[in-house]
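The values are calculated or read from the model by the stated rules, or taken from the named source; none is laboratory data. Keep in mind the model is a prediction, meaning the values are calculated, not measured. For neighbour counting, all protein chains shown are included, and Cβ atoms are generated from backbone atoms with ideal geometry for every residue, glycine included. Surface areas here come from the heavy atoms of the whole protein model, side chains and all, with no ligands, DNA or RNA. Shrake-Rupley method; radii C 1.70, N 1.55, O 1.52, S 1.80 Å.
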Amino acid sequence: GKIMVLSLVSTFGTYAIAANAVSNAIALFQLLPGLAINLGVTTVIARCAGAGDYGQVRYYNKKLLVITHISMTVMVLGVFLLLPFIMRAYGLSDMTADMAKKIVHFHGISAIIVWPAAFTLPSTFRASGDAKACMYISMLSMWIFRIVFSYILGKYMGMGVFGVWAAMVIDWVFRAACFIVRYFGGKW
């Protein structure tokens, strides 16, 4: 899926390739707290689920989701403050830097709002032994929303590389909705 999306980005020109590469590097920093906390979620939730204490699973899931939101907010705001310095370090053209800034801001705000439900919540499911549903939802979401919408938004609607990033967030929103419904449905 990632190769297909990258091949689409390459058709938008060198500015889009550069903006996408720089945005990917910076976006990873925005996600670092969430990625780190997900490792802890897996351990904490697995111990609670292994003990059969699903009250504790729900308690720690809620607590770790709040911590994820807060830590990602702090990191994203830090990246936003440092963004002018980061952009200067890359030495990008004005057009490339403007697109990269637009992408980083869009990604950061989306990461604060949507990412924890789309990626931390499934860590809870996997730690509780519900990995199969997470895999199916993630695969379906990637193919339908990330890949198909990348082509629709990026290529056919003329949004270019920003459309690819918008499709990624649409993928996150779908995943988050599915995982929230699954969580409150109690089938995990």
Percent relative contact order for region 50-141, counting Cα pairs under 8 Å at least six residues apart, stands at 42 percent
Mind checking which of LEU153, GLY163, PHE179 is farthest towards the positive end of region 122-188's charge dipole, using Cβ charges of +1 (Lys, Arg) and -1 (Asp, Glu) about the Cα centre?
PHE179
Summing -39500 (n - 2.57) over every DSSP H run of at least 4 residues in the chain and dividing by its residue count gives a helix-only mean residue ellipticity at 222 nm, to the nearest 500 deg cm²/dmol, of -27000 deg cm²/dmol
Take each of the peptides 56-65, 85-94, average the number of other beta-carbon atoms within 10 Å over its residues, and list them starting from the highest.
56-65, 85-94
How large is ³J(HN,Hα), in whole Hz, for each residue of region 147-157 in order, when computed from phi with the Karplus curve 6.51 cos²θ - 1.76 cosθ + 1.60 and θ = phi - 60°, using x for Gly and Pro?
7, 4, 5, 4, 5, 5, 6, x, 8, 7, 9
In terms of the Cα gyration tensor, with a ≥ b ≥ c the square roots of its eigenvalues, is the chain rounded because a/c is under 1.5, prolate because a/b exceeds b/c, or oblate?
oblate
Report the extension gain between THR11 and VAL181 in nm, rounded to one decimal, defined as 0.36 nm multiplied by the number of residues separating them, less their alpha carbon distance.
57.5 nm
For region 1-120, with the dipole built from +1 on Lys and Arg beta-carbon atoms and -1 on Asp and Glu ones, taken about the Cα centre, which of LEU31, TYR59, LEU82 lies farthest toward the positive end?
TYR59
Would you mind telling me the share, in percent, of accessible area of region 1-58 contributed by carbon and sulfur at probe 1.4 angstrom?
69 percent
Dipole moment magnitude, nearest 20 debye, the chain about Cα centre, only Lys, Arg, Asp, Glu C-beta charged
380 debye
Full-stretch length increase - ARG88, LYS2 - with 0.36 nm per residue and alpha-carbon distance subtracted
28.2 nm
Under the Karplus curve 6.51 cos²θ - 1.76 cosθ + 1.60, θ = phi - 60°, whole-Hz ³J(HN,Hα) for region 74-84, x wherever Gly or Pro sits:
4, 5, 4, 4, x, 5, 4, 5, 8, 4, x
So with the 1.4 Å probe, I'd like the accessible area per residue for the chain, rounded to whole Å².
51 Å²
Which of GLY52, GLY40, GLY129 moves most in a GNM of the chain, Cα contacts under 10 Å?
GLY52
